[in-house]
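Read the structure below first, then the notes.
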Amino acid sequence: MLQFCRLLQRFRRDDSGVFAVVFGIMAVVLVAMGGAVVDYVTLEQARTRSQTALDAATLALQPSINDPAETDETIRAKAEALVLERLGTQGIQKAKIDTVVVNRDKGELMLSGSFAVETIFVKLVGVDLLYATITSQATKGIANVEVSIALDVTGSMSITLPSGATRLKTLKDATHSLVDTILALNRTGNYAKVALVPYAQSVNVAPYEEAIRGPIRPRRDIQTISWTATGYQAITNISTANPAVFTSSRHGLRVNDYVYVRDTGVSKFDTQRLRVSSVSTDTFTLDVSGGINSVVANKGSFAKCRRSDCMAVFTSPGHGYAEGEEIWVQDVAGLTSYNNRKHIISAVTANSFVITGTAPNRNQTHQANTGRFWCRWQTESVGCVEFEFTDIGYTRRVQQISTCATERARNAATDNPPSTTFMGRNYPYIDPDPDYSNVCSSSKIVPLTTSKATLTSAINGLTAGGSTSGSTGILWSWNMLAPSFGYVWPTSAPAPYHQRHLMKAAIIMTDGEFNTVHCNGVVSGISSTGGSGNAERINCASPNGGPYKQASDYCTAMKNNTGIQVYTVGFGITKGSPAAIALENCASSLANHFLADNAASLNDAFDQIARQITALRLTR
C-alpha cells in the first residue's frame, strides 16, 4: 500500500510529457477503431448498390447466352459496363466483373465481381480502401410453360395496311416471332408448349370434332323399300258368291293376312287394303260384305302386304334411329313419293323401320340400293348432318354440319370436359356468293405442342373470313390449357393447374368488335348485323347472352383458381371501344393488355408478352 502511494506521488510530480505522447497514440487507435463502424456501414451500403447493379446486369444479359456471337468475355465486358454505368462515380472504386459462368443447358448466367470504397476513419491506421465481392445468378423463372394463342382470322383481317401487308400477314409474322421465343425455352428436363386457336364465326376443331361436339348421324343408304312380301299375283276368277271367292293358283295366303287388290273393275276391292278371311290352296275370301253381280274372269291382281297396314318397310342395316324420330328422304328411284319430304318412323328394328305417314305408290317398285335418309334436327347428345330452322325473317332454312364448334348451352363458362357436356355444334351459312358466306374457317386448332414445324405450318396456313365470335376464341384459349380436355388429345394433354414450376398463359388477339354468338349451333338472332345477315341467323337468342357478356363470363371463369395468366392484344381497335374494354377487363392485369395499330406496335406487344412469359428469376 505504501509503495502504491509513492507511485501516485511521483505521477503527480512528473511533468516530462511522456503521458501526452502515449495518450496521443492511443487516441488515434481509439478513433480509428470507433470510426471503423462508420466505414463498415459505408461498405455495406456500397455493397447493396453494387449488388443491385449486378443483379440488373445479370437479368439483362441472361437472354444473350444462347446467342452464338456472345462469348464469356463479351458478356463480362457488357456486364461491367452496365454495373459501372449504374454505380456512377459516387464513393465506389475499382468496380469490376471478373468471373462469368454460363450454363446454356439450364439457362443460367452467373456473374461475380468486386469493388472498393475509400475509408475515412480506418485510413488513420493505414487502411485506405475496403474491398468486397458480389455475385449474381439468373435462371429462367419458370421451368415449364404452356401457352395458348387465340388468333382472330375474321374477314377484317384481310384489310391491307399502309405498309402494303394485310393485317393477317402482319399477324402471322408477329406470331412466328412469339412462338419462336417461347419454344426457345425448351431444354433438357423442361418444356415449353404452344397451342393455336384460330377463330372467326366459330372454331375449327378438326380432327377432334366427334370427341368435342359429339358424333353426327351420317346419311344412311336404303337397301330396299317394300310393302309387299310376294309382289303382284294374277286373279283368274272372282265369283258372285257372298263373300266373293277369289281364285289364284297356289296363292300362299293365310287367314288374317292383308292384301292390296287392283284392276278388278270392282270398286269395293280395287285400291283397298283387305283382310283375308278364309283360304284354300287356290282360293281365298276377303273381309268384305256382299257379293258382286257378275263373275270377273282373268282380271286384276293382288299383293300380300308385309304388314297389316300395308305400309312400306325400309331396310337399312345398322341405321341407328329410334321410334318416333324424324328423317328426311332423298334420291329414291321407283317409289319416288317418299323423296324430298320429312317422315316419322315407327316399328323400328336394328336394320329396318316403317314410314306410316306416307303410303307407297302401289304401282311402283323400289329400285334396290337407291335412296338415302338423314335427320335435320339435334339434341344435346345427338347431332345430324343438317339442321332445319327458322331464320329471323321467318323463313325455313337448312344448313350443313361443319367441323367447327361453338359455345354449349349448359355448363358454358366451365372447363367441364366434352364427355360431360358436348360443346356446341356449328351449322354455318354458305351462300352461292362466297363473299356473303359465314363458313367454318379452314384454319384449325393445334393442341399444345413443342413442334416448331407444326406451329409454323399452321400459322402460314391461316386464312381470313367470317364474323367475329371473340367470346368463342376466349373460351377455346382456355380449353386448350384445361386438364379436363386432355383425354381429347392425350399426346398433347395439358398439365394440372397449379403444378409446381409451371406457367399457363392464354394470349387473346382480335382486330374488331365481338359480334357473333350462337343458338343451336347457328348464328343467333341477337348477333349484330355487322357480323351476319338475316338468312344465316336463327330466330332464337343465345342461351348464354350476348357477345360481351359471354366474353366476360369466360374470362372470369378462366382466371378463377386456375393460375392462368391472360394476355390480350387489340389490333386496330380504338381505345375505349367495347372490344378494347372487354380485352382490358379480360387481361390478368393492365400490364397484360396491349393495343396495337400497326405492324411495329403489334410486334412490340407480342415481344413484351414473350418477355413476360419467359421472365427471369434471380437464384443467387
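The values are calculated or read from the model by the stated rules, or taken from the named source; none is laboratory data. Here the structure is a predicted model, which is why all the values come from computation and not from measurement. Here the Cβ is made from the backbone with ideal geometry for all residues, glycine too, and neighbour counts use every protein chain on show.
I'd like to check something: does region 425-443 contain any residue that is farther than 20 Å from residue 519 by Cα, modelled with pLDDT of 95 or more, in contact with a strand residue (DSSP E or B) (Cβ under 9 Å, 6 or more places away or on another chain) and of a type outside the set (Asp, Glu)? For region 425-443, residues farther than 20 Å from residue 519 by Cα, modelled with pLDDT of 95 or more, in contact with a strand residue (DSSP E or B) (Cβ under 9 Å, 6 or more places away or on another chain) and of a type outside the set (Asp, Glu): present.
Filtering region 483-518 to residues that are among the hydrophobic types (A, V, I, L, M, F, W, C) and surrounded by fewer than 23 Cβ atoms within 10 Å (Cβ to Cβ) leaves 488, 489, 493, 495, 502, 503. Where strands (runs of 3 or more DSSP E) fall wholly inside region 86-187, the ranges with 3 or more residues that are of a type in the set (A, V, I, L, M) and modelled with pLDDT of 95 or more are 144-152.
On inspection, residue 417 qualifies as surrounded by 13 or more Cβ atoms within 10 Å (Cβ to Cβ) and assigned to a loop (DSSP other than H, G, I, E, B). Of the strands (runs of 3 or more DSSP E) entirely within region 520-618, those holding at least 1 residues that are within 26 Å of residue 408 (Cα to Cα) and either touching a helix residue (DSSP H, G or I) at 6+ places or on another chain (Cβ under 6 Å) or acidic (Asp, Glu) (or both) occupy 564-571. Across region 357-379, not a single residue is classified as of a type in the set (A, V, I, L, M), under 30 Å from residue 518 (Cα atoms) and not assigned by TED's automatic domain parsing to the domain that holds residue 497. The residue list 184, 195, 211 contains one member that is in contact with a Pro (Cβ under 8 Å, 6 or more places away or on another chain) and surrounded by fewer than 24 Cβ atoms within 10 Å (Cβ to Cβ), which is 211.
Within region 425-437, is there a residue that is without any contact (Cβ under 8 Å) to a residue 40 or more places away in the chain and among the small types (Gly, Ala, Ser)? Yes, because at least one residue in region 425-437 is without any contact (Cβ under 8 Å) to a residue 40 or more places away in the chain and among the small types (Gly, Ala, Ser).
Applying the set (1) surrounded by fewer than 16 Cβ atoms within 10 Å (Cβ to Cβ); (2) over 20 Å from residue 364 (Cα atoms) to residue 234 leaves exactly one unmet item: (2).
Within region 137-176, the set of residues being polar (S, T, N, Q) and under 30 Å from residue 483 (Cβ atoms) comprises 139, 144, 148, 154, 175. Restricting to region 438-463, name every residue that is over 13 Å from residue 476 (Cβ atoms), in a loop (DSSP other than H, G, I, E, B) and either free of Cβ contacts under 8 Å to residues at least 24 places away in the same chain or touching a Leu at 6+ places or on another chain (Cβ under 7 Å) (or both). Across region 438-463, the qualifying residues are 450, 451, 461, 462.
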